[in-house]
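Remarks on the structure that follows.
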Amino acid sequence: MARPWTKGRSVMVYQGEARRLILGLKHGDRQELAPAMGRWMAARAEPLMQPNMLVVPVPLHWKRLLKRKYNQAALLSHHLARASGLKTCPDLLTRCVHTRPQDDIGVDARFANLSGAIAVHPKRCERVEGRSVLLVDDVMTSGATLTACANVCLSAGASEVHVMTLARVSLEA
């Protein structure tokens with residue numbers, strides 16, 4: 001399946017110690033890891049960066065945000081933007097449908113699960129028009145979430161979308 005983003009990068013492969021660190025951030029309330037992780041991401045994303053690029057995190061649905069207390073992608077995007085000097089818009093995208101967790105479903109089900117689940121915040125549309133966007137997430141597995149977010153950004157007028165994740169599930173796994 002063709003991806004709607006122009007280029008993408010990850011810092012590491014999602015296994016071993018990398019997996020343990022990311023799960024600590026995501027589910028273990030280890031928010032103190034985010035500044036260093038954001039700097040790692042900024043260094044790795046440097047070839048993707050462009051002047052006036054907007055850094056945008058993958059959104060969490062409000063119910064999941066209440067349960068988790070924070071959006072790990074928003075923390076990472078904040079620190080990536082700070083390290084790189086780019087602007088960020090943490091609420092550009094909203095997850096308007098409370099989707100089931102993607103952990104235990106196949107690739108086709110992941111894409112179907114996200115159909116219509118992501119939207120551009122109606123009061124933020126002008127922030128994306130004509131700009132390059134750097135989408136940020138913690139882990140890329142199938143690419144379904146990043147695809148849904150990239151498509152919405154492009155439909156809202158983004159000139160192009162790049163993706164940056166802290167980790168990527170190995171294609172050989």
Task: Subset of region 101-110 (residues that are surrounded by fewer than 17 Cβ atoms within 10 Å (Cβ to Cβ), at pLDDT 70 or above and within 17 Å of the chain's Cα centre (by Cα)) - done: none
- [ ] Give the residue, chosen from A43, A18, A2, that is of a type in the set (G, A, S) and part of a loop (DSSP other than H, G, I, E, B).
- [x] A2
TODO: Specify the residue that is modelled with the lowest pLDDT; the eligible residues are those in region 135-173 that are more than 16 Å from V55 (Cβ to Cβ) and among the hydroxyl-bearing types (S, T, Y).
DONE: S170
Task: Residue under evaluation R127, criteria (1) without any contact (Cβ under 8 Å) to a residue 60 or more places away in the chain; (2) open to solvent by 40 Å² or more (accessible area, probe 1.4 Å), criterion not met - done: (1)
Task: Among the candidates H121, H78, H98, residue that is within 14 Å of the chain's Cα centre (by Cα), in contact (Cβ under 8 Å) with a residue 24 or more places away in the chain and open to solvent by 20 Å² or more (accessible area, probe 1.4 Å) - done: H78
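Out of K67, K63, K87, report the one residue that is open to solvent by 80 Å² or more (accessible area, probe 1.4 Å) and either farther than 21 Å from G28 by Cβ or in contact (Cβ under 8 Å) with a residue 40 or more places away in the chain (or both).
Numbers: K67 fails: either farther than 21 Å from G28 by Cβ or in contact (Cβ under 8 Å) with a residue 40 or more places away in the chain (or both); K63 fails: either farther than 21 Å from G28 by Cβ or in contact (Cβ under 8 Å) with a residue 40 or more places away in the chain (or both).
Just one listed residue meets the conditions, K87.
Has region 138-145 got any residue that is touching a residue at least 24 places away in the same chain (Cβ under 8 Å), charged (D, E, K, R), buried (at least 16 other Cβ atoms within 10 Å of the Cβ) and farther than 23 Å from V97 by Cβ?
Here is the first cut: in region 138-145, the residues touching a residue at least 24 places away in the same chain (Cβ under 8 Å) are 138-145.
Next cut, charged (D, E, K, R) only: 138.
Of the ones still in play, those that are also buried (at least 16 other Cβ atoms within 10 Å of the Cβ) are 138.
Add one more test, that the residue is farther than 23 Å from V97 by Cβ, and what stays is none.
Looking for residues that are touching a residue at least 24 places away in the same chain (Cβ under 8 Å), charged (D, E, K, R), buried (at least 16 other Cβ atoms within 10 Å of the Cβ) and farther than 23 Å from V97 by Cβ, one finds none in region 138-145, hence no.
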TODO: Looking only at region 112-134, count how many residues are small (G, A, S), at pLDDT 95 or above and on the phi < 0 side of the Ramachandran plot.
DONE: 1
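The values are calculated or read from the model by the stated rules, or taken from the named source; none is laboratory data. Since the model is a prediction, treat every value here as computed from it, not as a measurement. Backbone-built Cβ (ideal geometry, glycine too); neighbour counts: all protein chains shown. Keep in mind that these areas ignore ligands, DNA and RNA; they rest on the heavy atoms of the full protein, side chains included. Shrake-Rupley method; radii C 1.70, N 1.55, O 1.52, S 1.80 Å.
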